[in-house]
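*Asks:* Please see the structure below; I have some questions.
The values are calculated or read from the model by the stated rules, or taken from the named source; none is laboratory data. Model, not experiment: these values are computed from the prediction. Counting neighbours? That spans all protein chains shown, and the Cβs are built from the backbone with ideal geometry, glycine included. SASA here: full protein model, heavy atoms, side chains in, ligands and nucleic acids out. Shrake-Rupley method; radii C 1.70, N 1.55, O 1.52, S 1.80 Å.
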Amino acid sequence: MIRALLVAVLVVGFVPVLAAEPPAFDLVLRGGTIYDGSGLPPFAGDVGLRGDRIVALGDLSGARGVRELDVRGLAVAPGFVNVLSWATESLLVDPRAPSDTFQGVTLEVFGEGFSMGPLNAEMKRQLIADQGDLRYDVTWTTLGEYLEALEKRGVAPNVASFVGATTVRIHELGYANRPPTADELERMRALVRAAMAEGALGLGSSLIYAPAFYAGTDELVALAEAAAPGRYISHLRSEGNRFLEALDELLEISRRAGVPAEVYHLKAAGQSNWGKMAAAITKIEAARAAGFDVTADMYTYTAGATGLDAAMPPWVQEGGTEAWITRLRDPESRAKVAAEMRTPTDAWENLMLAAGAEGMLLVGFKTEALKPLTGKTLAEVARARGKSPEETAMDLVSEDGTRVGTIYFLMSEDNVRRQVALPWMSFGSDEAAPATEGPFLRSNNHPRAYGNFARLLGRYVRDEGLVPLAEAVRRLTSLPCENLKIRDRGRLRPGYFADLAIFDPAKVHDPSTFEAPHQYATGMVHVFVNGVPVLEDGVLTGKPAGRVVRGPAWRGWAKESK
């Protein structure tokens, strides 16, 4: 009898082990509200991951995972795309990209005019010489090598880049104010084609700054042609007095080069230009209705950030930083610059006149002696020094040896709201991805570095109801991926890479301010990059999950298809 019972116990205990099914998934996210990136209404369900891919969505109650995560009450979305990122240097210092990871960003896209390649020897030297708070080695030459260096180093987000039109111009012409010769232009086009073969997404320009300002429309058309089938994306030649004419130039470049186009950080800068936004939107929508693939991106603030170079005429900057400073120390040149800084003009983009000295916040100095001025307006510093704002701006550039990071208050809140509602609008921070520690605290960022995406989801979506959450998620995810021809990302769909942002819509908030910018956004609970958690229960994991994301002309696509 005892023997029979023992046999029965052994059999009963043994059979389930033989019959047990192995886990179907490496990870199952249970019970979340799924925003799949399509813009369609969300649905409750589960998401199953295997390796770096999504393999199933819906009711997965009949299957199990090696690991399971309860995400009930949370939104489950594709990871967000930062269409305009300046994390090129910050990732080399802090690979976690903390400010963006806390907002659900899983892809950083670089290349607004300047890209981290191709570099010649002098450009490498200058890149090292220009370093301030953030220090790093320059171990690459081409754009592809830079992106691969990030992946090899180990970074949390995925990375991608446009090739900079300014970068290829400097590579061949330096900072000269002249058109390229035929031979120089062909070498520039060859550099663009090489970058595209390395995986660049297209050609990026930034036309208010020297030496990009010196490039004519024909030059940009020729470079954009070389970037096909990628996108031409541009900081327009003017966002102020000649805003509409600059938009016409972008549309002309797109049409003549036969490539799609996007406007970087669409804005009407300066109060006298705020009324032009309606006409700009009409132009873009008319082009779209006529069959042109034209889009835009934006940041969710009424202030921009750049340098004091945007307050000075381009001619004084010819030859690069050293030549610029030499002219600023010359009394005759200095007097001419000051006069032009005070004079309204359509010939160049004068952000000083657009914002006023009271609306210019100084945030980035390299020199220790000037660091105490961080957070003061140009007007405050000018009064303290007993000089005019124009003289003070020239002095600061000369003393610091840099363009001096500056925030300009330029835009209308009404226009920001109008733009947020546009169905063809994506979003970019136009900032680095800093941390609230270490060398990042030695300067101030624009709060968009910490809050651009959280501000969209919290203030404009939840609080003001300008767009439904599902539509906002689409424009943070699938829209930019489709525009940039990025494969297998931007949707929650079987076979797509497992980039996910999991957050509490009721708690998303952007505490970062202009006065105290170094504050992380709240509300993001989990972030996955290629199936790896880089934010878990609101805590950075530091895992190097990011990869290079490549554009449509990458030479490696042929190998992958075999």
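*Asks:* Identify, please: which residue in region 281-300 is surrounded by 14 or more Cβ atoms within 10 Å (Cβ to Cβ) and hydroxyl-bearing (Ser, Thr, Tyr) and is, among those, farthest from residue 455 (Cα to Cα)?
*Replies:* In this case the residue turns out to be 295.
*Asks:* Looking only at residues in region 302-317 that are out of contact with any Phe, Trp or Tyr (no Cβ under 6 Å at 6 or more places or on another chain) and open to solvent by 10 Å² or more (accessible area, probe 1.4 Å), which one is nearest to residue 394 (Cα to Cα)?
*Replies:* 309
*Asks:* I need the helices (runs of 4 or more DSSP H) fully contained in region 93-196, keeping only those with at least 2 residues that are acidic (Asp, Glu) and either in contact with a Pro (Cβ under 8 Å, 6 or more places away or on another chain) or surrounded by fewer than 18 Cβ atoms within 10 Å (Cβ to Cβ) (or both). Let's see the steps before the verdict.
*Replies:* Values: elements: 98-101, 121-129, 143-153, 165-173.
Correct list: 143-153.
*Asks:* Ok, one more. Which of the residues belonging to region 429-448 are in contact with a Lys or Arg (Cβ under 9 Å, 6 or more places away or on another chain) and surrounded by fewer than 24 Cβ atoms within 10 Å (Cβ to Cβ)?
*Replies:* Here is the first cut: in region 429-448, the residues in contact with a Lys or Arg (Cβ under 9 Å, 6 or more places away or on another chain) are 429-431, 433, 435, 439, 442-443, 447-448.
Residues satisfying the conditions are 435, 439, 442, 443.
*Asks:* How many of the residues in region 358-378 are open to solvent by 20 Å² or more (accessible area, probe 1.4 Å), assigned to a helix (DSSP H, G or I) and free of Cβ contacts under 8 Å to residues at least 40 places away in the same chain?
*Replies:* 5
*Asks:* Every residue in region 209-223 that is without any contact (Cβ under 8 Å) to a residue 60 or more places away in the chain and within 13 Å of residue 169 (Cα to Cα), please.
*Replies:* Just the residues of region 209-223 that are without any contact (Cβ under 8 Å) to a residue 60 or more places away in the chain, to begin with: 215-223.
Of everything in region 209-223, those that are without any contact (Cβ under 8 Å) to a residue 60 or more places away in the chain and within 13 Å of residue 169 (Cα to Cα) turn out to be 215, 216, 219, 220, 222, 223.
*Asks:* A further question follows. From 303, 227, 210, 278, grab the single residue that is touching a Gly at 6+ places or on another chain (Cβ under 9 Å) and within 30 Å of residue 455 (Cβ to Cβ). If you could, list the steps in order and put the result at the bottom.
*Replies:* Values: 227 fails: within 30 Å of residue 455 (Cβ to Cβ); 210 fails: within 30 Å of residue 455 (Cβ to Cβ); 278 fails: touching a Gly at 6+ places or on another chain (Cβ under 9 Å).
The match here is 303.
*Asks:* Hey, any hits in region 97-118 for a residue that's more than 18 Å from the chain's Cα centre (by Cα) and not charged (D, E, K, R)? Break it down into steps so the answer makes sense when it comes.
*Replies:* In the first step, residues of region 97-118 are kept if they are more than 18 Å from the chain's Cα centre (by Cα); the result is 118.
Of the ones still in play, those that are also not charged (D, E, K, R) are 118.
Yes, region 97-118 contains at least one residue that is more than 18 Å from the chain's Cα centre (by Cα) and not charged (D, E, K, R).
*Asks:* Would you point out the residue of region 59-91, among those that are farther than 24 Å from residue 487 by Cβ and of a type in the set (Ser, Thr, Tyr), that is least open to solvent (accessible area, probe 1.4 Å)? Give the derivation first.
*Replies:* The first filter runs over region 59-91 and keeps only residues farther than 24 Å from residue 487 by Cβ, leaving 59-75, 86, 89-90.
From what is left, the residues that are of a type in the set (Ser, Thr, Tyr) are 61, 90.
On the way: 61: 88, 90: 1 Å².
Going through the qualifying residues, I end up with 90.
*Asks:* Test of understanding: among 44, 56, which residue is of a type outside the set (Asp, Glu), open to solvent by 50 Å² or more (accessible area, probe 1.4 Å) and at pLDDT 95 or above? So that I can check it myself, show each step before the final result.
*Replies:* Working: 56 fails: open to solvent by 50 Å² or more (accessible area, probe 1.4 Å).
So the residue among 44, 56 that is of a type outside the set (Asp, Glu), open to solvent by 50 Å² or more (accessible area, probe 1.4 Å) and at pLDDT 95 or above is 44.
*Asks:* Go through (1) closer than 21 Å to residue 439 by Cα; (2) without any contact (Cβ under 8 Å) to a residue 24 or more places away in the chain; (3) not in a helix (DSSP H, G or I) one by one and return the number of the condition residue 387 breaks.
*Replies:* Among (1) closer than 21 Å to residue 439 by Cα; (2) without any contact (Cβ under 8 Å) to a residue 24 or more places away in the chain; (3) not in a helix (DSSP H, G or I), residue 387 violates only (1).
*Asks:* Please work out if residue 254 is farther than 21 Å from residue 303 by Cα, of a type in the set (S, T, N, Q) and buried (at least 22 other Cβ atoms within 10 Å of the Cβ). Quick ask: steps written out before the conclusion?
*Replies:* On the way: farther than 21 Å from residue 303 by Cα: yes; of a type in the set (S, T, N, Q): yes; buried (at least 22 other Cβ atoms within 10 Å of the Cβ): yes.
Yes, satisfied.
*Asks:* So, in region 406-428, exactly how many residues are outside any helix (DSSP H, G or I), touching a Ser or Thr at 6+ places or on another chain (Cβ under 6 Å) and either of a type in the set (Ser, Thr, Tyr) or under 27 Å from residue 358 (Cβ atoms) (or both)?
*Replies:* Counting residues in region 406-428 that are outside any helix (DSSP H, G or I), touching a Ser or Thr at 6+ places or on another chain (Cβ under 6 Å) and either of a type in the set (Ser, Thr, Tyr) or under 27 Å from residue 358 (Cβ atoms) (or both) gives 1.
*Asks:* Just checking, which of 421, 355, 338 is within 24 Å of residue 297 (Cβ to Cβ), of a type in the set (A, V, I, L, M, F, W, C), in contact (Cβ under 8 Å) with a residue 12 or more places away in the chain and surrounded by fewer than 20 Cβ atoms within 10 Å (Cβ to Cβ)?
*Replies:* Details: 355 fails: surrounded by fewer than 20 Cβ atoms within 10 Å (Cβ to Cβ); 338 fails: within 24 Å of residue 297 (Cβ to Cβ).
Sole residue among the options that is within 24 Å of residue 297 (Cβ to Cβ), of a type in the set (A, V, I, L, M, F, W, C), in contact (Cβ under 8 Å) with a residue 12 or more places away in the chain and surrounded by fewer than 20 Cβ atoms within 10 Å (Cβ to Cβ): 421.
*Asks:* Could you count how many residues in region 197-244 are in a strand (DSSP E or B) and either open to solvent by 20 Å² or more (accessible area, probe 1.4 Å) or at negative phi (or both)? Give the derivation first.
*Replies:* Taking region 197-244 first, the residues in a strand (DSSP E or B) are 202-206, 231-235.
After this cut, where a residue has to be either open to solvent by 20 Å² or more (accessible area, probe 1.4 Å) or at negative phi (or both) as well, the list is 203-206, 231-235.
Number satisfying all stated conditions: 9.
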